[in-house]
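The values are calculated or read from the model by the stated rules, or taken from the named source; none is laboratory data. Just so it is clear, the structure is predicted and the values come from calculations on it, not from any experiment. Note that each Cβ is placed from the backbone with ideal geometry, even for glycine, and that neighbours are counted across all protein chains shown.
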Amino acid sequence: MRKPGFYLLLISSAILLMGIAGGWLIVSASQHSLVEQKSTTAGALTRASFHPAPFLHRPYYGKQSISQRTVSYVDHDKPWYENDGLFVRYDGKQWKDNSIYNCDGGVNCYDGHNGYDLNLWFEPVLSAAPGTVIRAGWYNPLNHNDALGLWVAIDHGNGFATAYGHLSQITVAVGDQVGTQWQIGTSGTTGSSTGPHLHMSTYYLPNWQATDPFGWTGQYADPNVVPDNYLWAADPGSSTSVPNLSGNGSAIYPGAILVDDGDDGWSSDGDWNRETAQSDIKGAMHWTATSSDDPSASATWQPNLPASGYYEIGFFVDDNHASSSWVPCTIYSTDPHHQNTELKHTVYLDESHIGTFSSPYGTVNTGAQWVSLGTYYLKKGHHGRVMVSNATGEDGEELGVDAVEFVPLSKQ
């Protein structure tokens with residue numbers, strides 16, 4: 001099994017290099033890091049006059065509250081990852097020194113933390129509000145174990161942005177318009193992470209100043225340098241849901257239409273190697289070398305659907321021979337409003353942080369894993385399918401493929 005090692009990025013004091021959807025953004029050091037930015041003034045924002053309307057919704061399916069999912073709070077004391085031994089929660093409660101790492105019923109009070117860590121194990125991640133995607137890709141293209149890893153950020157057009165980190169795949173690109181609670185990716189453990197979860201931060205634009213969407217209810221002045229207001233909508237839950245493909249580990253979802261590598265419905269071009277392992281679906285998988293040039297190998301999964309409708313599509317990532325961090329998965333579906341029109345959408349998937357790999361905190365083992373590629377309308381007899389190629393932009397890595405499952409939304 002090949003998994004990527006560590007990379008080193010040297011940044012001078014004059015500039016910062018930020019990976020933006022496969023490119024580079026050069027900013028002055030005085031603007032600080034995009035997510036770890038420190039501000040010394042609230043500028044024109046005043047706690048007395050600025051009261052934005054609540055607009056955020058939960059970034060996941062289901063009815064569980066944010067509190068039920070929270071594993072780490074925002075620190076109101078210097079929320080730019082300054083480790084000063086003091087953590088202040090939104091209600092004014094404080095923890096000092098060693099207590100900050102286990103502060104309230106096992107929830108982590110990570111010193112200087114600028115967002116909420118939510119317990120999502122390879123689950124769909126949803127946009128908290130409508131807006132424009134302004135970041136989608138690796139936070140640091142040269143070090144995939146850095147910061148938020150694979151991330152998405154959305155400008156909501158009201159002075160706020162939200163960011164979603166440690167993702168295992170992204171379904172959106174910079175410039176995309178999204179609505180409320182549209183799937184923008186799947187949670188994971190990329191970047192500086194101890195295990196699968198979602199990191200969600202809320203910022204004031206244009207200076208990326210972190211704010212707590214639960215506001216401030218303490219009985220003394222809020223230590224944050226910008227106003228903290230309650231930003232959750234009155235009914236923030238999701239009115240819909242999809243099958244939780246990761247809920248049963250590596251098990252096939254009940255009622256899924258499975259297309260395994262080597263089965264009817266699976267085809268391939270180019271040079272593929274077959275390997276066997278107990279953790280693989282039906283005991284076997286295929287892999288090929290990645291390419292930084294044109295594709296030299298591809299694989300396609302085309303199900304025999306029992307009926308037309310919406311399907312949640314899951315891609316199985318093995319814990320062996322799967323080290324690519326930018327797998328292009330193209331889904332061919334049908335426009336539900338114009339059913340003779342084929343749609344094509346590409347999702348980018350990270351395999352390198354699934355299975356056993358090295359993180360900044362030591363060795364992590366997620367096991368082999370189903371990863372949601374999103375929900376799509378597939379019409380019976382219209383050749384809906386998933387295709388991947390080895391044109392990942394990388395040399396020296398391995399692209400692993402196994403089964404793809406197509407789960408009708410009625411099978412929840």
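Among all positions in the range 249-261, there is at least one residue which is charged (D, E, K, R), surrounded by 17 or more Cβ atoms within 10 Å (Cβ to Cβ) and in contact with a helix residue (DSSP H, G or I) (Cβ under 9 Å, 6 or more places away or on another chain). Among residues of the range 345-387 being part of a strand (DSSP E or B) and of a type in the set (A, V, I, L, M), the one that is farthest from ILE281 (Cα to Cα) is LEU378. Consider LEU142 carefully, then state whether it is out of contact with any His (no Cβ under 6 Å at 6 or more places or on another chain), touching a residue at least 40 places away in the same chain (Cβ under 8 Å) and either crowded, with 21+ Cβ neighbours inside 10 Å or among the polar types (S, T, N, Q) (or both). The answer is no for LEU142.
Restricting the range 219-248 to residues that are of a type in the set (Asp, Glu) and modelled with pLDDT of 95 or more leaves a set whose member that is farthest from TYR311 (Cα to Cα) is ASP222. Applying the criterion of being surrounded by 20 or more Cβ atoms within 10 Å (Cβ to Cβ) and either at pLDDT below 95 or of a type in the set (A, V, I, L, M) (or both) to the residues of the range 174-218, the residue that is farthest from the chain's Cα centre (by Cα) is ALA210. GLN94 meets each of the listed conditions (1) more than 27 Å from GLY157 (Cα to Cα); (2) touching a Leu at 6+ places or on another chain (Cβ under 7 Å); (3) touching a residue at least 60 places away in the same chain (Cβ under 8 Å) apart from (3). Yes or no: ASP269 out of contact with any helix residue (DSSP H, G or I) (no Cβ under 8 Å at 6 or more places or on another chain), modelled with pLDDT under 95 and of a type in the set (Asp, Glu)? Here the answer is no, as ASP269 does not meet what is asked. Evaluation of GLY249 against the conditions (1) on the phi > 0 side of the Ramachandran plot; (2) outside the structural domain of VAL407 (by TED's automatic domain parsing); (3) without any contact (Cβ under 8 Å) to a residue 60 or more places away in the chain shows that the sole unmet condition is (3).
Where strands (runs of 3 or more DSSP E) fall entirely within the range 227-291, those with at least 3 residues that are under 20 Å from SER352 (Cβ atoms) and touching a strand residue (DSSP E or B) at 6+ places or on another chain (Cβ under 9 Å) are at 284-289.
Pairing each residue of the range 64-75 that is farther than 16 Å from GLU123 by Cα with any residue that is in a helix (DSSP H, G or I), provided the two are 6+ apart or on different chains, yields C-beta distances under 9 Å for ASP75/ILE100. Among the residues of the range 162-180, those identified as assigned to a strand (DSSP E or B), among the hydrophobic types (A, V, I, L, M, F, W, C) and over 15 Å from HIS57 (Cβ atoms) are ALA163, LEU167, ILE170. The number of residues in the range 87-114 that are outside any loop (DSSP other than H, G, I, E, B) and over 19 Å from GLN209 (Cβ atoms) comes to 11.
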